[in-house]
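Report on one structure; see the data block that follows.
The values are calculated or read from the model by the stated rules, or taken from the named source; none is laboratory data. Source: prediction; values computed, not measured. Don't worry about glycine lacking a Cβ; one is built from the backbone with ideal geometry, like all the others, and counts go over all protein chains shown. These accessible areas exclude ligands, DNA and RNA; they are computed on the full protein's heavy atoms, side chains included. Shrake-Rupley method; radii C 1.70, N 1.55, O 1.52, S 1.80 Å.
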Amino acid sequence: MRTVHDSEYKNCSYHLRNFGKVRGFLSDDPCKTAIQCLVMSRMDYCSTLMAGIPQNQRRRLQLIQYKAARIVSQTAKTEHITPILADLHWLPCQQRTNFHLLTLIYKCLHHSAPSYLEDLLSIYTPTRALRSADAKFALQQPVSRKKVGENSFSCIGQRLWNDIPMYIRDAQSINVFRKSLKTYLFCKYYH
């Protein structure tokens, strides 16, 4: 995982250096679009695999996002970055990873993902009548005895899925789900 993470960091840094050189010749919208296409898509590459990586490794990708936001908004290094990310409507790396992971789980539960991923998830069905029986698409959380096991797709994904509100889980289409989820994560982080 470390080599994939390092290669993505180097690749994104390369593109950002080149954008920094030509930023003065681009207007805001084309620059934002180009950075989203070349840099942010690289950050999203295999982002669900990075769901369980330690904070110090994720920090490098977060710094790439900060650099990208500063290039797009043409702000100095000394200015606070959170309002800039909020103005650009960009989720931080951890929230982006959660967004992609939860979208993948939504696809698994609606049978539009590979079956080997669907097999990793199990829907919670209580053995007796409980109030939680009404929770549609609640996932059963597997028990892991190892720290490494807690970073797996099935553990992290099911914990995140059960934490989002019911109205998001009950979305009728993937587009409605993604829109509601991004709004929820954005409000949760920035407000």
Inset, instruction - Show the residue pairs that are 6+ apart or on different chains and have beta-carbon atoms under 7 Å apart, the first residue being within the stretch 36-49 and farther than 21 Å from H89 by Cβ, the second being among the aliphatic types (A, V, I, L, M) and not in a helix (DSSP H, G or I). - result: L49/M1
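Being closer than 16 Å to L49 by Cα, within 21 Å of the chain's Cα centre (by Cα), open to solvent by less than 80 Å² (accessible area, probe 1.4 Å) and modelled with pLDDT of 85 or more: is that true of L117 here?
On the way: closer than 16 Å to L49 by Cα: yes; within 21 Å of the chain's Cα centre (by Cα): yes; open to solvent by less than 80 Å² (accessible area, probe 1.4 Å): yes; modelled with pLDDT of 85 or more: no.
Considered against the rule, which asks whether it is closer than 16 Å to L49 by Cα, within 21 Å of the chain's Cα centre (by Cα), open to solvent by less than 80 Å² (accessible area, probe 1.4 Å) and modelled with pLDDT of 85 or more, L117 comes out as no.
Select, from H15, H80, the only residue that is closer than 30 Å to G157 by Cβ, open to solvent by 40 Å² or more (accessible area, probe 1.4 Å) and not charged (D, E, K, R). Steps first, answer last, please.
On the way: H80 fails: closer than 30 Å to G157 by Cβ.
One residue alone meets the criteria, H15.
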Inset, instruction - Would you be able to tell me the number of residues in the stretch 19-52 that are open to solvent by 20 Å² or more (accessible area, probe 1.4 Å), touching a Leu at 6+ places or on another chain (Cβ under 8 Å) and under 20 Å from T103 (Cβ atoms)? - result: 1
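Kindly establish whether Q62 is closer than 18 Å to F99 by Cα and open to solvent by 60 Å² or more (accessible area, probe 1.4 Å).
Numbers: closer than 18 Å to F99 by Cα: yes; open to solvent by 60 Å² or more (accessible area, probe 1.4 Å): no.
When the stated conditions are applied, Q62 does not pass them.
Scan the stretch 92-111 for residues that are among the aliphatic types (A, V, I, L, M) and open to solvent by less than 10 Å² (accessible area, probe 1.4 Å) and report the count. Step through it out loud before you land on a result.
Let us first name the residues in the stretch 92-111 that are among the aliphatic types (A, V, I, L, M), namely 101-102, 104-105, 109.
Checking which are open to solvent by less than 10 Å² (accessible area, probe 1.4 Å) leaves us with 101-102, 105.
Summing the residues that are among the aliphatic types (A, V, I, L, M) and open to solvent by less than 10 Å² (accessible area, probe 1.4 Å) in the stretch 92-111 gives 3.
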Legend entry - Long-range neighbours under 7 Å by Cβ, at least six apart or interchain, first residue under 14 Å from L63 (Cα atoms) within the stretch 4-26, second aromatic (F, W, Y) and at pLDDT below 90: E8/Y45
